[in-house]
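Chemist: Shown below is the structure under consideration.
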Amino acid sequence: MKRKVLGIAVFFLAVAMLVSPVMAIGPEKALGKNPNLLGPSPWGFDLVLDNGVVHGWIVYVYPVPKLDWILDAGNFKIKNAFVVTDPVQVLGMENKWLFLSPDIYYDLLVTIYEVPPSFAEYLLSMHPEGVYNKWNFVGK
């Protein structure tokens, strides 16, 4: 009986993993099919959702592609997020939730990611209370 329940549970877990909505690696093929997908930008692609969530597939910035999650601090509160005080701290914090105030987020975009200042100001206008950020290297 326990094996039967375990088998059913594993089956449903496998089905849930296969049908869950995720951004596939290589979003270039999804352009034009998903209205929420923006790109290509100078660094990659973004999947922007109405609730303030941005899933970024950053292809061009690093030798190894990076998957980036940004949550609008106006809509989300992550209690255990590390508060970043210097943009350089972000580079050593893979797979951790970070809180970036608007000033730190601007500095990160301009100094580390080399985003043009006018475009960085546009991105900040979308997140006036700051952002929660989490990133991972993917691929090799």
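Chemist: Could you work out how far apart the two model spin labels at Lys33 and Glu121 are, taking each label as a point 7 Å from the Cα in the direction of the beta carbon, and quote it in nm?
Modeler: With each label point 7 Å from Cα toward Cβ, the separation is 3.8 nm.
Chemist: Can you grab the distance from the C-alpha centre of segment 90-113 to the C-alpha centre of segment 63-89, Å, no decimals?
Modeler: With segment 90-113 and segment 63-89 each reduced to a Cα centre, they are spaced 6 Å.
Chemist: Among Tyr105, Tyr113, Tyr132, Tyr122, which comes first, then next, by fewest other beta-carbon atoms within 10 Å?
Modeler: Least to most surrounded, the residues fall as Tyr122, Tyr113, Tyr132, Tyr105.
Chemist: Same structure again: Counting other C-beta atoms within 10 Å, which of Lys96, Lys77 has the fewest, and how do the rest follow?
Modeler: Ordered from fewest to most neighbouring Cβ atoms within 10 Å, Lys96, Lys77 come out as Lys77, Lys96.
Chemist: What is the local net charge at Leu123, summed over the other residues whose Cβ is closer than 12 Å to its Cβ (Lys, Arg +1; Asp, Glu -1)?
Modeler: Residues close to Leu123 contribute a combined charge of -3.
Computed from the coordinates by the stated procedures, all read-outs in this text should not be read as laboratory data. As the structure is a computational prediction, the values presented were derived from the model and not from experiment. With ideal geometry, Cβ positions are generated from the backbone for all residues, glycine too; neighbour counts draw on all protein chains shown.
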